[in-house]
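Here is the structure we will look at, set down as structure tokens.
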Amino acid sequence: MALQTILFDFTLDAEKTGTSAQRQEVARIVRSELEHVFSQLELAYSMESPDNGYFAVLHENKETIVTCRIFQQGLLTINVEYYLADGKEPLMSFDNMRTMELILRQKLDSDRSKYLPPIKRGGYIDIYMTSSAKKLNALWGQKLPTLKRGDVARYFPSSDERIIEYDIDTLVYEARSPFQKIQIMHSKTLGNMLILDELQNIAESDLIYTETLMGRGIENYEGKEICILGGGDGALLYELLKEKPKHVVMLEIDELVMQACNKYLNSICGDVLEKRKTDQYEIIVGDCVEYMKKFIAEGRKFDYVFGDLTDIPISGAPIGECWDFIRTIFEHSFKLLQPDGKFLTHGNGTSCLESLQLFEDQLRLLKPKVKFTTTKAFVPSFMEEWLFYQVTFA
């Protein structure tokens, strides 16, 4: 049992929050969207200040408290707090939070937005290792370091939706492609780090991720035909080419990701993203599923297929768009493999036991049957241990 505190931050054009009337309009949009999640939301208190902007407290049945603050400088913050008893489901799932952030960002024309997984406060287990209860003679107490919000994003979720603070000091690059939000941030200890839709993907420190995914020192790629699904950061392609394969084809949907990584992450991708086709490799920009169908129709076969795409969803059942996509990738990948070929992919954090089990259950349902092994590695920019899969025909 613990108090759940969910945080949303939005950067707006300061010219749209400079007057009381403008801030009231922003507040109206925010409340309208919040009511899709909290249908009985009521306003308890609001305040306008010429110097400090707009502040409001809302509640649902006096149980869930929502505070909203709109600063003149263009910063909007929303805090959602409620008590979650043991065995109860959270009021907002990770997907709900992401959806609300995306909708509000669009409606508010926000330049930058951020949401954080719930900060869990008041439980008997001190997950933040900050216990202190002496002055109040309390049975238990906790204090947290200052959360820094609004300028540069420093907080990102772990695979099992725990909050991690990074030593980020610079936003190096930010853009929105037709497919996702792309950011490259600089960490003092990790170097430049690729963030896609608020999730860590890879950093200059993460050679161990690529080497574990490809099984360096275990697999023999010399003279082999290889297909990479995704891999837009270029790191896997760069490392595979060192192993002297016959040819590598990479299927990546987002041209803008490759352009950004070529410029700001070339320490991990070298110069492989400079060209789209050489004698050694070809990068095809497009939907990997459509090109896999094309390769299957042509009878094309590969010795290795790499799944460097979406993470395994954190969910209680293998249903929904992400799971359907994973099953499609499985189905097409094994049609492209040689009889002795291998499908190699990342899983998720090793703490995500339920989702990993669901993923393995999907592998066991495949026909023809497959078998798999796993390896583990601690990935520096993820700040946790991840699981990787090696799948072959049984």
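Modelled this way, with points 7 Å down the Cα-to-C-beta line, the labels at T189 and Q357 are 3.3 nm from one another.
Legend: residues Y173, Y82, sorted from most to least accessible area (1.4 Å probe; ligands, DNA and RNA excluded), read Y173, Y82.
Applying the criteria of a DSSP loop state and at most 16 other Cβ atoms within 10 Å to the trypsin sites (Lys or Arg not before Pro) of region 50-100 yields K62, K88. The slack in the chain from D160 to A317, taken as 0.36 nm per residue of separation less the alpha-carbon distance, amounts to 55.0 nm. Taking 0.36 nm per residue of separation and subtracting the Cα-Cα distance, full extension of the segment from K16 to A85 would add 20.9 nm. Probing with 1.4 Å while keeping every protein chain in the model, the per residue accessible area of region 229-349 equals 43 Å². Length gained on full extension, K246 to T373: 43.2 nm, using 0.36 nm per residue less the C-alpha separation. Taking the C-alpha atoms only, the angle from helix 94-107 to the longest principal axis of the chain is near 70 degrees. Computed over neighbours whose Cβ is under 11 Å from that of I268, the net charge equals -4, Lys and Arg +1, Asp and Glu -1. Ligands, DNA and RNA aside, L356 has an accessible area near 10 Å² when probed at 1.4 Å. Computed over region 215-261, the P(r) tail beyond 14 angstrom holds 51 percent of alpha carbon pairs. Rounded to the nearest 10 square angstrom, E243 shows an accessible area of 50 square angstrom against a 1.4 Å probe. Just the protein heavy atoms count here, and of the accessible area of the chain at 1.4 Å, carbon and sulfur take up 52 percent.
Dipole of the chain computed with +1 at Lys/Arg Cβ and -1 at Asp/Glu Cβ about the Cα centre; of F55, I119, V172, farthest Cα towards the positive end is I119. Axis of helix 20-37 versus longest Cα principal axis of the chain: the two differ by about 60°, to the nearest ten degrees. Geometric descriptor of region 168-223, per residue, is 110 Å³ (volume of the convex hull of the Cα atoms). Solvent-accessible area of S351, all protein chains in place: 60 Å² (probe radius 1.4 Å, heavy atoms, ligands and nucleic acids excluded). Is the shape of region 309-394 best called rounded, prolate or oblate, per the rule: a/c under 1.5 gives rounded, else a/b larger than b/c gives prolate, else oblate, with a ≥ b ≥ c the square roots of the Cα gyration tensor eigenvalues? Oblate. Rounded to the nearest 20 debye, the dipole magnitude of region 296-394 is 480 debye, with +1 charges on Lys and Arg beta carbons, -1 on Asp and Glu beta carbons, and the Cα centre as origin. Relative to the compact-globule estimate of 2.2 N^0.38 Å, the Cα radius of gyration of the chain comes out at 1.10.
The long axis of helix 288-298 is offset from the longest Cα principal axis of the chain by roughly 20 degrees.
The values are calculated or read from the model by the stated rules, or taken from the named source; none is laboratory data. On a predicted model such as this, the values are computed, not experimentally measured, just so you know. Glycine also receives a Cβ, built like all others from the backbone with ideal geometry; neighbour counts cover every protein chain displayed. Note: areas computed on protein heavy atoms with side chains; ligands, DNA, RNA excluded. Shrake-Rupley method; radii C 1.70, N 1.55, O 1.52, S 1.80 Å.
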